[in-house]
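Presented below is the structure to which this report refers.
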Amino acid sequence: MFDRGPELAGGGSALPPGARRAVPPPDDALADLLAAAPSPGLAHALTSLDPTRLDEVGLTGAVAAWDRMASWVAAQQARVVLELARRERPRLAPDSYVADMIGCEMSVTRRAAQVLVDRAWALDAAPAVADAMMRGEVAVAKADAILRGTEHLPAELAAVVQATVLPDAAHRTVPQLRDALRRAELACAPDLAAGRHERARAERGVWLRPSTDAMAWVNALLPAADAMRVMTAVDALATSCGPDDDRPADARRADALTDLATTVLDRGTDLTGAPLPVHQGRRPHLQVTVTLAALCGDTDTSAELAGYGPVPASVARAIAAEASWTFLAVDARSGQVVDRSASSYRPSAAVTRAVVDRDVTCTFPGCRVPAPRCDLDHTVPFDPRRPAADQTTTANLAALCRHHHRLKTHARWTPVHDRTTGTTTWTTPDGVTYSRDPVPVPFEQHPLPQPSRRPTQDARDALDDRDDREATGAESSWRGAAVRIAMIRPATPRRAPAPGGPPPTDEDPPPF
């Protein structure tokens, strides 16, 4: 019936010029069409429907029909992903690299590709859920909720819980479905509740997700009691502000959370007083790269905030007022930091800084792990019979997160770095290639223009404080380079007010 969808539904918006639109199908035929099980014929018929000829009821039904098709497509895709995963070659390393292959092919992150791999394996272990998706009875989001809500259970118990919630899944929202799963599990195996909490607790974590307008989300998955501790502390700090504070309550909470983290970074110690760990020879800090012209206020070229991405120049100028500066020499052809070399297998501090500054993130396509947290890998393996200065160079070193470092070592993926363009090309064992373009450092290729507005006083004061000889000799190169700003401030202990006296004032200027 539905293989002849265009005859039933009339022409769609893709009809050739001059073609006549058929009369919409009768109400009963349309209802049958919109309630049909997913299939290639249904997809053809839905594509041929003319939305402008449908009333609101018909349009709503068409939306639901397309959602059933989406479930069917996801289930079909899972079959292909599963076959790919089953063909993965055995190797010594326990890691799986199927998600890396899919991520490169689809130009998505490894995490997004891993969702497809996890779904494929989970559906293979849950045939009832897979069949429901093939019939379009369970939306993709609901199927994922069922699979995640039962993945911690033994296979037999998971099948019982899934069978309990599936009949009503189509009529429940995802949160309602999660509640139903928890209730079903508690009813079937109440003794497993404590163990389930411990397993869920092991998945706790904190993630950053960039947003628009130089903002970002910080999401945390915590045990309920710990989450309430965080909110109680943040609320307490937010309500300790004076009566004249006109910030909204949510803004005060956000600032309180930021103050807690800033205090730790400024002190350079954890809550016990032990020094914070050092990555690639650097203490944890906020880092932003900006052109000298933008720093002085002559241009508004966007800056690059490490771990986040592009931000307005005004953000960099605000950070620069309380931070130390490093001047970087940049290759105008590729926008990357110039080469340096070391005299041993292990990179020197200067080489390490240059590679981290150049790569910004892991150099595998789509990976966003910050370079300071990556391994520095010799792209061409180090040969102890050759001079180290010819091998331990920025040209032959690349930042690789631990996972993709193992992929290169154990899965026989081969990277090649083009020094001219800065592009890294990866070749799979099957000969397929994927490219990772460089992350350009903001810089100005030409000398600073005549100021169209007065540069910020902070930028001018900092430049004036430089040694006259160094400033004179490097002025042209600075103005053709980038400025790396690192916010590493010494701890400034808070002084308690004297009993009965006014609160203390800070006579000393901020450290630069």
So Pro284 passes all but one of these: (1) under 24 Å from the mean Cα position of the chain (by Cα); (2) closer than 30 Å to Thr232 by Cα; (3) part of a helix (DSSP H, G or I). Which condition number does it fail? (3)
Against the definition (under 16 Å from Leu123 (Cβ atoms), under 31 Å from the mean Cα position of the chain (by Cα) and either surrounded by 21 or more Cβ atoms within 10 Å (Cβ to Cβ) or of a type in the set (Lys, Arg) (or both)), how does Arg148 come out, yes or no? yes
Enumerated helices (runs of 4 or more DSSP H) restricted to region 122-194, each holding at least 2 residues that are over 23 Å from Gln76 (Cα atoms): 155-169, 174-188
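Would you check if Trp217 is exposed (fewer than 11 other Cβ atoms within 10 Å of the Cβ), outside any loop (DSSP other than H, G, I, E, B) and either in contact with a Pro (Cβ under 9 Å, 6 or more places away or on another chain) or in contact (Cβ under 8 Å) with a residue 24 or more places away in the chain (or both)? Give the steps one after another, and end with the answer.
Working: exposed (fewer than 11 other Cβ atoms within 10 Å of the Cβ): yes; outside any loop (DSSP other than H, G, I, E, B): yes; either in contact with a Pro (Cβ under 9 Å, 6 or more places away or on another chain) or in contact (Cβ under 8 Å) with a residue 24 or more places away in the chain (or both): yes.
The answer is yes for Trp217.
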Mind checking whether some residue in region 431-440 is outside any strand (DSSP E or B), farther than 26 Å from Gln287 by Cβ and at pLDDT 85 or above? yes
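I'd like the residue in region 196-237 that is of a type in the set (D, E, K, R) and within 29 Å of Ser314 (Cα to Cα) and, out of all such residues, is nearest to the chain's Cα centre (by Cα). Step through it out loud before you land on a result.
So in region 196-237, the residues of a type in the set (D, E, K, R) come out as 196, 198-199, 201, 203-204, 209, 213, 226, 229, 235.
From what is left, the residues that are within 29 Å of Ser314 (Cα to Cα) are 209, 213.
Numbers: Arg209: 6, Asp213: 16 Å.
The residue in question is Arg209.
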Taking into account only those residues within region 220-244 that are part of a loop (DSSP other than H, G, I, E, B) and either in contact with a strand residue (DSSP E or B) (Cβ under 9 Å, 6 or more places away or on another chain) or loosely packed, with under 13 Cβ neighbours inside 10 Å (or both), which is modelled with the highest pLDDT? Leu222
For region 362-375, enumerate the residues that are out of contact with any helix residue (DSSP H, G or I) (no Cβ under 6 Å at 6 or more places or on another chain) and in a strand (DSSP E or B). Pro370
Among residues of region 250-280 being surrounded by fewer than 13 Cβ atoms within 10 Å (Cβ to Cβ) and of a type in the set (Gly, Ala, Ser), the residue nearest to the chain's Cα centre (by Cα) is Ala261
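Listed here are the residues, each with its yes/no results for (1) at pLDDT below 85; (2) surrounded by fewer than 19 Cβ atoms within 10 Å (Cβ to Cβ); (3) closer than 23 Å to Thr109 by Cα.
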site: Pro365; (1), (2), (3): no, no, yes
site: Asp377; (1), (2), (3): no, no, yes
site: Val380; (1), (2), (3): no, yes, no
site: Arg385; (1), (2), (3): yes, yes, no
site: Ala388; (1), (2), (3): yes, yes, no
site: Ala398; (1), (2), (3): no, no, yes
Out of the residues in region 44-87 that are in a helix (DSSP H, G or I), closer than 19 Å to Trp121 by Cα and not aliphatic (A, V, I, L, M), which is modelled with the lowest pLDDT? Arg86
Within region 396-415, track down each residue that is more than 14 Å from Val432 (Cα to Cα) and either outside the structural domain of Ala371 (by TED's automatic domain parsing) or charged (D, E, K, R) (or both). Arg402, Arg406, Lys408
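Please work out if Asp418 is out of contact with any helix residue (DSSP H, G or I) (no Cβ under 7 Å at 6 or more places or on another chain), in the same structural domain as Thr363 (by TED's automatic domain parsing) and over 25 Å from Arg111 (Cβ atoms).
Details: out of contact with any helix residue (DSSP H, G or I) (no Cβ under 7 Å at 6 or more places or on another chain): yes; in the same structural domain as Thr363 (by TED's automatic domain parsing): yes; over 25 Å from Arg111 (Cβ atoms): yes.
Judged against the criteria, Asp418 is a match.
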Within region 372-384, residues being of a type in the set (A, V, I, L, M, F, W, C) and within 14 Å of His417 (Cβ to Cβ) number 2
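So, Ala411, is that one more than 29 Å from Val290 (Cβ to Cβ) and touching a Phe, Trp or Tyr at 6+ places or on another chain (Cβ under 7 Å) or not?
The answer is yes for Ala411.
The values are calculated or read from the model by the stated rules, or taken from the named source; none is laboratory data. Note that the coordinates shown come from a computational prediction; the quantities given were computed from them, not determined experimentally. No Cβ is skipped: glycine too gets one built from the backbone with ideal geometry, and neighbour counts run over all protein chains shown.
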